[in-house]
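Reading through the structure tokens given below for one structure.
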Protein chains: 2
Amino acid sequence: MCQLLGMNCNVPTDIIFSFTGFATRGGRTDHHNDGWGIAFFEGNGVRHFVDYQAAVASPIADLIKSCPIKSKNVISHIRKATQGRVALENCHPFVRELWGRYWVFAHNGDLKNFMPTLDGPYRPVGTTDSEWAFCYLLQQLRKRFGDRLPVLAELTPALQELTEEIASHGVFNMMLSDGSALFAHCATNLHYIVRQYPFAEAHLSDEDLSVDFSQVTTPNDRVAVIVTEPLTANEVWTQFKPGELKVFVDGMPIE
Amino acid sequence: MCQLLGMNCNVPTDIIFSFTGFATRGGRTDHHNDGWGIAFFEGNGVRHFVDYQAAVASPIADLIKSCPIKSKNVISHIRKATQGRVALENCHPFVRELWGRYWVFAHNGDLKNFMPTLDGPYRPVGTTDSEWAFCYLLQQLRKRFGDRLPVLAELTPALQELTEEIASHGVFNMMLSDGSALFAHCATNLHYIVRQYPFAEAHLSDEDLSVDFSQVTTPNDRVAVIVTEPLTANEVWTQFKPGELKVFVDGMPIE
């Protein structure tokens with residue numbers, strides 16, 4: 001199994017604090033050492049970093065921990081291989097283009113014998129169940145909406161149906177973003193927190209690191225962090241219900 | 001206009017020496033300071049780094065210059081914006097998936113009013129003529145070969161036709177790779193060199209940096225470097241002919 005981290009904000013924010021705790025689970029405080037990855041939206045563009053090394057041993061992860069890349073939507077993943085060998089092409093998140101937007105996807109779980117027909121333009125490059133599910137998901141969205149980018153009110157029920165269908169084949173915790181919203185589906189384990197004014201101090205569970213968010217924010221900032229297991233012990237995280245799809249926009253869940 | 005750098009090898013090789021000279025043109029020895037990017041194939045996977053900062057000022061470029069990422073196919077680009085604003089989504093190289101492979105593309109030149117109909121699955125995310133041409137190129141390949149990955153002997157003449165067609169609309173120097181071969185099309189300016197046994201010392205034109213390749217290679221290694229303007233003054237570079245498409249496999253041009 002793996003772990004997921006996502007961030008959705010109303011203003012571009014760096015993820016150094018959360019990623020530092022999360023990456024420590026990639027080989028030190030936890031055993032997710034078969035690769036890692038992170039994708040940051042910046043406008044319509046995406047910065048995408050993947051590595052098959054453990055996050056705790058990766059020079060690219062060190063760069064992410066030291067270099068404040070600001071983004072409104074971030075998805076990260078640390079991998080414990082279940083299906084697909086340890087290789088760059090099997091590291092999450094995966095990125096594809098649909099409707100002139102990049103879509104970023106990461107999965108935690110294990111789908112059993114889930115290989116639906118892929119007769120659209122999306123094919124997996126690697127050998128994970130996760131990338132197959134992502135290709136299927138985009139293919140089905142494209143079949144449903146054609147060449148037209150749907151509005152969020154149309155997209156959300158379509159994703160609810162699709163994630164439910166895929167989740168019937170195994171464990172399917174996942175995060176998906178097109179840079180305007182972050183969709184998070186919980187099968188077994190996912191938590192979130194919304195940090196907003198008045199901001200307080202947070203202390204990581206996996207590293208001896210604290211940050212006083214009131215010193216680095218403005219009263220208008222709002223940041224949602226979504227993660228497999230809570231990153232801090234001194235804050236209140238909300239656990240997703242199994243089967244729940246939440247949509248985060250501008251730093252908060254809208255449904 | 002921009003500049004292009006490509007590398008194709010028979011064994012995974014790092015590009016630190018060539019990239020160090022090339023990146024210096026991204027704001028110091030030349031004026032290509034509207035962003036840069038580089039993509040490395042590793043197996044079927046791709047490491048993709050883009051930045052809208054000048055290469056000489058980018059912490060990610062510093063990482064590439066200090067961290068030996070080994071690859072058999074690399075494409076890099078430094079940007080001087082002609083069409084499309086300075087933004088992450090307009091930085092080359094671009095990456096898309098076709099036939100279960102990633103395709104990496106970068107362009108140097110300027111296409112005038114070239115907006116052919118895009119009725120396939122590929123749409124530009126940014127606003128450059130280059131990404132539009134890339135989407136068209138993949139669309140046309142997919143129309144021609146359907147869902148089947150063609151062999152190189154089929155793909156090459158198809159790319160010859162397509163690059164010729166696109167080049168009739170403006171300047172179209174470009175590099176394209178799927179990780180198994182590197183295709184380079186010259187409209188106006190492109191050079192290459194094949195380094196192989198017996199290896200010698202090379203000295204960069206843009207930085208005071210030399211490397212004695214005989215100390216860092218084995219007699220079986222072969223590396224082709226393709227670039228807009230030669231990177232060294234003490235080696236013999238071959239200039240492409242205008243209109244020429246060369247295909248590099250295992251460190252040498254095969255046609």
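Dividing the summed -39500 (n - 2.57) terms of all DSSP H runs of n ≥ 4 by the residue count of the protein assembly as shown sets its mean residue ellipticity at 222 nm at -6000 deg cm²/dmol.
The residues neighbouring A:A167, those whose beta-carbon lies less than 15 Å from its own, together hold a net charge of -3 under the Lys/Arg +1, Asp/Glu -1 convention. Taking the Cα centre of chain B as origin and assigning +1 to Lys and Arg Cβ atoms and -1 to Asp and Glu Cβ atoms, the resulting dipole is close to 460 debye. Across the options B:P124, A:L5, B:A57, the greatest Cα extent toward the positive end of the charge dipole of the protein assembly as shown (unit charges at beta carbon of Lys, Arg, Asp, Glu) belongs to B:P124.
The label-point distance for A:S180 and B:R85, in a model that sets each label 7 Å from Cα toward Cβ, rounds to 1.7 nm.
Taking every residue in B:66-73 and counting other chain Cβ atoms within 10 Å of its Cβ, the average works out to 1.
Shortest first and in nm with one decimal, please list how far the B:R148 label point sits from its counterparts in the other copies (point 7 Å along Cα→Cβ). So the label point of B:R148 gives 3.6 nm to the other copies. Other protein chain C-beta atoms within 10 Å of residue C-beta, averaged over B:45-51: 6. The average projected area of region A:168-239, computed from the convex hull of its Cα atoms over all directions, is 6.1 nm². Here is how far apart the A:S205 label points are across copies: 5.7 nm, shortest first, using a point 7 Å from Cα toward Cβ. For the rotational copy relationship between A and B, the axis lies nearest to a chain A beta carbon, identified with its distance in whole angstrom as A:P121, 2. The Cα center of region B:55-72 and the Cα center of region A:6-71 differ in position by 18 Å.
For A:K70, the lysines whose Cα comes closer than 26 Å to its Cα, not counting residues fewer than 8 places off in the same chain, are A:K246, B:K65, B:K80. Distances, shortest first, from the label point of B:E161 to those at the same position in the other copies read 3.9 nm; the point lies 7 Å along Cα to C-beta.
Placing pseudo-labels 7 Å out from each Cα toward the beta carbon at A:F145 and A:S168 gives an inter-label distance of 2.3 nm.
Counting Cβ atoms of other protein chains within 10 Å of each residue's Cβ and taking the mean over peptide A:117-124 gives 4. Descending by average beta-carbon neighbour count within 10 Å, the peptides A:96-108, A:116-128 line up as A:96-108, A:116-128, the highest first. With semi-axes defined as the square roots of five times the eigenvalues of the C-alpha gyration tensor, the equivalent ellipsoid of region A:3-253 measures 27, 21, 16 Å, largest first.
With respect to chain A, whose longest principal axis is taken over its alpha-carbon atoms, helix A:129-145 is tilted by about 70°.
For the protein assembly as shown, the extents of the C-alpha atoms along the principal axes are 65, 47, 40 Å, listed from largest to smallest.
Computed from the coordinates by the stated procedures, all read-outs in this text should not be read as laboratory data. Every value quoted in this text rests on a predicted model; they were computed, and no experiment measured them. Here Cβ is always computed from backbone atoms with ideal geometry, including for glycine, and neighbour counts include all displayed protein chains.
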